[in-house]
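Data block below; observations after.
The values are calculated or read from the model by the stated rules, or taken from the named source; none is laboratory data. Keep in mind the model is a prediction, meaning the values are calculated, not measured. For neighbour counting, all protein chains shown are included, and Cβ atoms are generated from backbone atoms with ideal geometry for every residue, glycine included.
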Amino acid sequence: MIVTIEKDFAEILKVTKEEDNLFIFGCAGCATLCQTGGEKQVKELGAKLESEGKEIIGYSVLDVPCDERIVQKEFRNNSSIRNADSILIMACGAGIQSVQKFSPIPIHPVLDSLFLGTIERIGKFYNYCSICGNCVLEDTQNLCPITRCAKGLLNGPCGGMNEGKCEVNSELDCVWVLIYEAMEKKGNVNNLKLFREPRNWVQSFVFKSE
Amino acid sequence: MKFCDILKRKEFVVTCEFCPPKGTDLTEMLQKTELVRPYVDAINVTDNQRARLYPSSLAVSRILKERGFEVICHLTCRDRNRLSLQSDLLGVHILGIENILFLSGDHPLLGDHPESKPVYDLDVSQLLRTASHLKEGKTLSGKKLQNKISLCTGAVVNPEAEPQELQILMMEKKIVLGAEFFQTQPVFDVDKYRKFYDRVKGFGARVLPSVLVIKSAKFAKNMSKVPGIKIPEKYIKRLERAQNPLKEGLKIADEIILALKEFSGGIHLMAPGIEENIPQLKI
């Protein structure tokens, strides 16, 4: 899922300075799981804005805002949205941009999107996949060096690796050591000597899929 | 002359590292290089060392080359994509620089521009392969170049990093991809280095272990924070107790050099900011 965090409230107040009547969209998908854009967070944001003198015209927790069909339906069926000066969106960048396509009034992002994460428990997420379109997991013991190596190195660790940890953060495992250990268990560490070609970035510039 | 030819001709080879100044006045650096001239076979010029901004290693390498030094120009993957890396390699050839050392480069988060975008479009293995293409007169994308370029290419290995087995695998891989020599991260544990050396000496690429001169306890503690550098507590204690820490630091370096000389085919000296003391070492 897409892991998000809430922007500073001061920033939200700043962008809504000229607007008194606000509508809030939440997300019943990832942002609910993240506890950054579920019903509870939408109501909390509404209460905070009201205490700053804003009027909350209404809110909807969309299921899910990254689906343009759901967004279109919401605008068709919920006429009260038009009474607002702007909509605050508690969803990831994909959700924000799908709302942007159909909104008749200004919109403001409330969240910053961090990464595609796996969840250990609420509040504990791991950045394991960069959705790069060049999956190398088959060859790397299903541990992604593109995402989990700070330098995205494809042919093994850098010289900063030590005691199995990464040079940018000594609490972070060097993914190449994890890959090495997994290969060691299977008795195929020599696979590390196989050369992996430079990444093909063309896939990152596919802007739509048919 | 190519560094590889120097390595072939000489049994014991000494190199020394210079980081360009924080600015464009090379006067002090050039004075220091003159002091070390009689003692070294080649000078390494670092490339935005520790992810901090300095003048271009290519430009400074050329200046040293003009003054008759053999130079080993550092080139990191951190700040350049594959176009820029190849462009610089062609530039290195035009400038008459014959030796190049490839490094990943410390992550920008550790340097003085932590907000910058890290590149790492190629890793060192891929860069070695790319350099081999250029040596054959073609680009990474297979386009033909006017001419072939000639370069002696080196890489780095960290003998003290664990797991060491992984370092050795990486070294073998880099040799297959075209690494002709290696320089290491600073060695303080000579026994451990010797065990490493015994494993890799048959690989067919010369390895120069680095000796770092630690000028004070404070400096040693700071250097211990640099990725890949481990300074044993016993040396830090000696510096703390010493009346003249620099003298003690040179003594420690001499002890390490003496022990390395027994078996190693050379050394790479690092005396950041205090290179003028290199002539005092028992090289």
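Hey, among B:Phe203, B:Phe182, which residue is closer than 27 Å to B:Pro38 by Cα and aromatic (Phe, Trp, Tyr)? Before you say what the answer is, go through the steps one by one.
Working: B:Phe203 fails: closer than 27 Å to B:Pro38 by Cα.
Just one listed residue meets the conditions, B:Phe182.
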| Listed residues A:Gly133, A:Gly187, A:Gly152; which is out of contact with any strand residue (DSSP E or B) (no Cβ under 8 Å at 6 or more places or on another chain) and more than 14 Å from chain B (Cβ to nearest Cβ)? | A:Gly133
| Would you pick out the residues in region B:172-204 that are at pLDDT 95 or above, more than 20 Å from A:Met161 (Cβ to Cβ) and not in a helix (DSSP H, G or I)? | B:Gly178, B:Glu180, B:Phe181
| field | Residue match in region B:11-23 (condition: within 18 Å of B:Leu208 (Cα to Cα) and assigned to a helix (DSSP H, G or I)) | value | no
| query | Hey, B:Pro55 hits all of (1) in contact (Cβ under 8 Å) with a residue 24 or more places away in the chain; (2) more than 17 Å from the chain's Cα centre (by Cα); (3) in a loop (DSSP other than H, G, I, E, B) but one; which does it fall short on? | reply | (2)
| query | What number of residues in region B:19-49 are crowded, with 18+ Cβ neighbours inside 10 Å and at positive phi? | reply | 1
| query | Only one of (1) more than 21 Å from B:Ala259 (Cβ to Cβ); (2) within 14 Å of chain A (Cβ to nearest Cβ); (3) crowded, with 20+ Cβ neighbours inside 10 Å fails for B:Phe181. Which number is that? | reply | (2)
| Quick one: A:Gln97 ticks every box in (1) loosely packed, with under 14 Cβ neighbours inside 10 Å; (2) assigned by TED's automatic domain parsing to the domain that holds A:Leu13 bar one, so which box is it? | (1)
| query | Within region A:136-143, can one find any residue that is assigned to a loop (DSSP other than H, G, I, E, B), closer than 18 Å to A:Gln203 by Cα and within 14 Å of chain B (Cβ to nearest Cβ)? | reply | yes
| message | If a residue must be of a type in the set (Val, Ile, Thr) and at the interface with another protein chain (Cβ under 7 Å from one of its Cβ atoms), how many such residues does region B:156-175 contain? | response | 1
| message | Just to confirm my filter: which helices (runs of 4 or more DSSP H) fall fully inside region A:21-108 and include at least 1 residues that are over 23 Å from the mean Cα position of the chain (by Cα)? | response | A:39-51, A:68-77
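Please state which one of B:Glu275, B:Glu262 is in contact (Cβ under 8 Å) with a residue 40 or more places away in the chain and of a type in the set (D, E, K, R).
Exactly one of B:Glu275, B:Glu262 is in contact (Cβ under 8 Å) with a residue 40 or more places away in the chain and of a type in the set (D, E, K, R), namely B:Glu275.
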| What number goes with the only condition from (1) in contact with a Phe, Trp or Tyr (Cβ under 9 Å, 6 or more places away or on another chain); (2) closer than 23 Å to A:Ile119 by Cβ; (3) not charged (D, E, K, R) that A:Gly46 does not pass? | (2)
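Yes/no matrix, rows are residues, columns are (1) in contact with a strand residue (DSSP E or B) (Cβ under 7 Å, 6 or more places away or on another chain); (2) without any contact (Cβ under 8 Å) to a residue 24 or more places away in the chain:
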residue: A:Ala10; (1), (2): no, yes
residue: A:Ile24; (1), (2): yes, no
residue: A:Val42; (1), (2): yes, no
residue: A:Glu52; (1), (2): no, no
residue: A:Ile56; (1), (2): yes, no
residue: A:Val64; (1), (2): yes, no
residue: A:Val71; (1), (2): yes, no
